[in-house]
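I have placed the structure first, in the form of structure tokens, so that the comments after it can refer back to it.
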Amino acid sequence: MRYDLSELTLLRCSNCGSDLDGLSTDVIFYCCECGKCWISDERLSPIDIEFVRVGGSDSVLLPFWKVDASVIMQDRISRRESSASGISGFREFTGREMGLTESDSGSRNVRFIFPAFSTSLVLSTGVRMHRENFLPEKTEHGKRFRVIGGSVGKDDAALLARAVAVGVEVNRTDYLASVDLEIEVFSASIYAIGCTPDKNVLRINGSEIGILFAAINDCDDILRQDKVFPVNSTS
């Protein structure tokens, strides 16, 4: 069997030349030697990363997508909790008679934050982070950390951001009948967020949000990584 070596991506930091660590499914790689982050998309490309809510020695840093996008609402119809209409012959009932209300269309700029690692709870976690209005307590600078588990690529992140946007609409306090929306992504980068094992969940530091171990595909490998931060200190 022959391999085309030109199609292989060398997992080496293009900034300092160090080998990049990661799991077998990773597409996001952080160089803990020089602090640069890379994403594999046919080739290694740089991507911005910020470290937030790092926590103590029991914490692990997991990558989350931070996606800034314009949400374009094409159509959104809500309904009353219940409605009743008397039948008077054969006719077509209007939307208001059926308890339906159409919202104004338009667009708004929204930030979505959701896991960049493989988990079956990516959408519910993204919706909860949005509802919590999740913002970093502070960003960490001047240190080098260890981050693994980034297996969600940039194209998939855009699709997941749309799915989270729909989930946010479903979880609003009114009674949703239907929604049609699109998003235009204008910025995507990585938050490395500290999470601490707590019984059977990884809990996001400074938050009530926890992700079940059983829902994280590479949980055992992630938990086996070094938990001591920082790996090194920059001069």
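The values are calculated or read from the model by the stated rules, or taken from the named source; none is laboratory data. Quick caveat: nothing in here was measured; it's all calculated off a predicted structure. Heads up, the Cβs are rebuilt from the backbone with ideal geometry, glycines too, and the neighbour counts pull from every protein chain shown.
Side notes on the structure shown:
- Residues of region 35-63 classified as in a loop (DSSP other than H, G, I, E, B), in contact (Cβ under 8 Å) with a residue 40 or more places away in the chain and not small (Gly, Ala, Ser), total: 5
- The residues in region 159-179 that are surrounded by 13 or more Cβ atoms within 10 Å (Cβ to Cβ) and part of a strand (DSSP E or B) can be counted, and the count is 4.
- So residue 117, is it surrounded by 15 or more Cβ atoms within 10 Å (Cβ to Cβ), in a loop (DSSP other than H, G, I, E, B), at pLDDT 80 or above and of a type outside the set (Val, Ile, Thr): yes
- Residues considered: 58, 68, 41. Of these, the only one that is charged (D, E, K, R) and modelled with pLDDT of 90 or more is 68.
- Region 210-233 residues that are over 27 Å from residue 33 (Cβ atoms) and small (Gly, Ala, Ser), paired with ones that are at pLDDT 95 or above and surrounded by fewer than 15 Cβ atoms within 10 Å (Cβ to Cβ) (beta carbon under 8 Å, 6 or more apart): 215/120
- Listed by first and then second residue, the pairs linking a residue in region 98-116 that is under 29 Å from residue 155 (Cα atoms) to a residue that is of a type in the set (Lys, Arg) and modelled with pLDDT of 90 or more, with Cβ atoms under 6 Å apart and 6 or more places separating them unless they lie on different chains, are 113/66.
- Residue-level check: of (1) surrounded by fewer than 18 Cβ atoms within 10 Å (Cβ to Cβ); (2) more than 30 Å from residue 56 (Cβ to Cβ); (3) modelled with pLDDT under 95, residue 156 misses just (3).
- Lone qualifier among 182, 137 - being outside any helix (DSSP H, G or I), closer than 18 Å to residue 51 by Cβ and in contact (Cβ under 8 Å) with a residue 60 or more places away in the chain: 137
- Residue in region 114-123 that is aromatic (Phe, Trp, Tyr) and more than 10 Å from the chain's Cα centre (by Cα) present: no
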